[in-house]
Amino acid sequence: MPVNDSEFDIFAVMSNIEEVAVKLKNRLKRPLPGTSAQLKMASDIRLNEMVNGYDIKNARKSSVLILLYPDNSNIYFVLIKRRNDGGVHSGQISFPGGAMEKSDGSFYETALREANEEVGIDTGDVKIIGSLTELYIPPSNFLVFPVLGYMNTRPVLTPDPGEVAGIIEADLFKLVNTGKAEWKKINVRGYKVNSPYYDIGGHTVWGATAMILSEFIEIIKSS
């Protein structure tokens, strides 16, 4: 796969997940893009709320898993479409993840446990690369810790019908190289939110998931 810009050196080894993992692990040792990268995909309502700041001292800790894996000489990651269950994130696209439980020893364990429960990933095959910048989600009062991991082979994905309406296997190379933020009005629990989003396989990816992806894309480009 040709690479014309040195900024995208990570894609010169795109078919080798181990080398990609090493590059990403080394990049995570340096300062992260952080909030400035996340806010590039923040909705108008979030930007307005941030003027007064958030009180997160009582936020519930949670974690999501950004799982990378190779397939057909490329690298993919897993997203899920949540069921329309009437919850605050009903029907939205997200990473596998959820609230930290008392039995979890760390947010890494939370991400792995939730990924196993929601999409059936064999967590024994997942190797942890590191974590991205935490992100507060006001509607659910979650403080989310994004965990980055990988598998050496394409996983067998089995959605939990109680939580997951569908699984999306997203092309990482396509997102980083051709994916761009677009804006539109999104219907959220009866009112319209003006928000940037990524179109991933025809799915509207916005909110916290898009904000996490925005930082991840910057990390990749600077690896």
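The values are calculated or read from the model by the stated rules, or taken from the named source; none is laboratory data. Bear in mind the structure is a predicted one, so any value in this text is a computation, not a measurement. A quick note on method: Cβ atoms are made from the backbone with ideal geometry, for glycine too, and the neighbour counts reach across all protein chains shown.
Strands (runs of 3 or more DSSP E) fully within segment 1-119 that include at least 2 residues being of a type in the set (Phe, Trp, Tyr), under 24 Å from MET151 (Cβ atoms) and modelled with pLDDT of 85 or more: 74-82. When LYS174, LYS221 are checked against the criterion of being among the charged types (D, E, K, R), buried (at least 16 other Cβ atoms within 10 Å of the Cβ) and within 28 Å of PRO31 (Cα to Cα), LYS221 stands alone in meeting it.
Selection over segment 182-200 of residues that are surrounded by fewer than 16 Cβ atoms within 10 Å (Cβ to Cβ) and within 15 Å of the chain's Cα centre (by Cα) gives a count of 1. Being modelled with pLDDT under 95, closer than 25 Å to ALA99 by Cβ and of a type in the set (D, E, K, R), is that true of even one residue in segment 170-187? Checked segment 170-187: no residue is modelled with pLDDT under 95, closer than 25 Å to ALA99 by Cβ and of a type in the set (D, E, K, R). Tell me, yes or no, whether segment 140-161 has at least one residue that is small (Gly, Ala, Ser) and exposed (fewer than 15 other Cβ atoms within 10 Å of the Cβ). There is no residue in segment 140-161 that is small (Gly, Ala, Ser) and exposed (fewer than 15 other Cβ atoms within 10 Å of the Cβ).
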